[in-house]
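Everything on this sheet refers to the single structure shown next.
The values are calculated or read from the model by the stated rules, or taken from the named source; none is laboratory data. Everything quoted here is computed from the prediction, not taken from an experiment. As a convention, Cβ positions derive from the backbone with ideal geometry for all residues, glycine included, and neighbour counts pool all protein chains shown.
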Amino acid sequence: MAKDKNRPVFTCRGCGHTQPKWMGRCPSCGEWNTFIEGEAVRKTGAARDAAKIPKEAVLLSSVEASEGIRLGSTLTELDRVLGGGIVRGSTILVGGEPGIGKSTLMLQTAAGLGMRYRTLYLSGEESPGQIRRRADRLGLDSKNLHIFAETELSLVDGCLRRLDPELLIVDSIQTLHSPDLGAVPGTINQIKFCCHEIAEWARQRGASVFFIGHVTKEGAIAGPKIIEHMVDTVLYFDQSGGDIRFLRAAKNRFGSVDEIGLFSMGEKGLAQVADPSALFLVEREGSLPPGVVPAPVYEGSRVLLVEIQALTVPAKGGLSRVYSDRIDPGRVSRIAAVLEKHASLRFSDQDVYVNVAGGIRLTEVGIELPLAMALYSARTGLCFPGNTTVSGEVSLAGEIRPVPHFRRRLRAAAEMGFTAFIGPEKPGDEEDAAEGWIRAASVTQSIQKVFAPQKNSGERAEVNS
């Protein structure tokens, strides 16, 4: 006798484990009273599987390679991070802290694209009236933007079939749920299932989808962390101490993950920062204080001038620590060890604090020489020259290695009024010299060229010549 495929089964709401009969405690996750009764195979899934056409394996060489059609939004900073626009059929996960502006960013994107494409804003947290009031406050044209406030996946599926949007924004993925998996939204099983269903719909219809996700207090995406492998692009929305917002890509199947988008939050929503060259430089009169060094950093396709700040104080309790949340603490410890070895400067009895003005996080190798200069300045109390900037990678042997895009860094520094540039002897793939470029082969040599004139006031400062 054939088995009934639609026989009742019991599924755990917490982990998705199935059992042929009800149990008080789930043997997989250990939770109590989480089993609910359902069907082994949902009718919708069985019907969908029956309609599928069998596929055969093909040779990779016979597959036509296409770049894919991109939708250009009205936010060029968003397009920059995505690699040139929104790819049709792609799924994008946007994460950020509560209140940082994720919904504002997506509403502005939807309003801009709604003029040219059918756009649906699926809201599970706000009513249509609340979204309309926000759109009016931001001065957005919402005539062609469709709003649907619903959290049940089956009803959302019906709306998608009727409207057939080209762009879908889900705010947020934690609010969606399917009754087949339990009534509680936000569980691991619910998030994975709802994301998979919408992603499959998007790939079949050639539509683009934005999933908004919340983050934990540690800064990681909460529930949607488990669906990062299911989407094409993962974006993180971060902020500095002020109104500046940073948009970064942690994963991007259609572009680079090195680009950064800059926005400022105001009364009219998020405004794009068109020229961020001097955004992170602190304006002050007189010379720089000890421990402060300006540096050109390469982020994606542009150069930003930033200010690296360092402070050293005697360690408390005999145990030194490194406090740095904008630059990797491991990198700070390594540069301090290089200075202790090659510059005879002791950091083992010091607490080291490192910060970047403006709150931007730096990861590229070109910040290592500026970081070394900032630590040396903070430890000795000698000021870094205000007309000078520096860039280079530091090896464990104390050598200064070339950095990419050296010419663009030097040009950007010159445009901001810096007349001297401390850098490696060989700039890498660029052979020609430049005015104001002071070559240094090692950390000790760069320290001598920068700080030796201050120790011997009778000598002329090379960096100011």
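Among the residues of the stretch 231-266, just one is without any contact (Cβ under 8 Å) to a residue 40 or more places away in the chain and of a type in the set (Asp, Glu), namely Asp243. Of the candidates Ile169, Ile198, Ile191, Ile212, the single residue that is modelled with pLDDT of 85 or more, touching an Asp or Glu at 6+ places or on another chain (Cβ under 7 Å) and not in a loop (DSSP other than H, G, I, E, B) is Ile212. For the stretch 145-166, a residue qualifies if it is part of a helix (DSSP H, G or I) and either among the charged types (D, E, K, R) or touching a Ser or Thr at 6+ places or on another chain (Cβ under 8 Å) (or both), and the qualifying residues are Leu153, Ser154, Asp157, Arg161, Arg162. Apart from one condition, Glu283 fits all of (1) in contact (Cβ under 8 Å) with a residue 12 or more places away in the chain; (2) out of contact with any His (no Cβ under 7 Å at 6 or more places or on another chain); (3) not assigned by TED's automatic domain parsing to the domain that holds Val209; the exception is (1).
Of all the criteria given as (1) loosely packed, with under 11 Cβ neighbours inside 10 Å; (2) in a loop (DSSP other than H, G, I, E, B); (3) at pLDDT below 65, the one not satisfied by Asp49 is (2). Scanning the stretch 286-308 for residues that are part of a loop (DSSP other than H, G, I, E, B), of a type outside the set (S, T, N, Q) and either assigned by TED's automatic domain parsing to the domain that holds Ala374 or under 21 Å from Val352 (Cβ atoms) (or both) returns Leu288, Pro289, Pro290, Gly291, Gly300.
Per the listing Leu78, Leu82, Leu59, Leu93, the residue uniquely modelled with pLDDT of 85 or more and surrounded by fewer than 18 Cβ atoms within 10 Å (Cβ to Cβ) is Leu59. Among the residues of the stretch 450-459, is any at pLDDT 85 or above and surrounded by 15 or more Cβ atoms within 10 Å (Cβ to Cβ)? The answer is yes; a qualifying residue exists. The residues in the stretch 372-409 that are touching a strand residue (DSSP E or B) at 6+ places or on another chain (Cβ under 8 Å), part of a helix (DSSP H, G or I) and surrounded by 17 or more Cβ atoms within 10 Å (Cβ to Cβ) can be counted, and the count is 9.
Among residues of the stretch 421-434 that are under 15 Å from Gly366 (Cα atoms), those with a beta-carbon under 9 Å from a residue that is outside any strand (DSSP E or B) and at pLDDT below 70 at least six positions away or on a different chain give the pairs Phe421/Ala434; Ile422/Val463; Pro427/Ala433; Pro427/Ala434.
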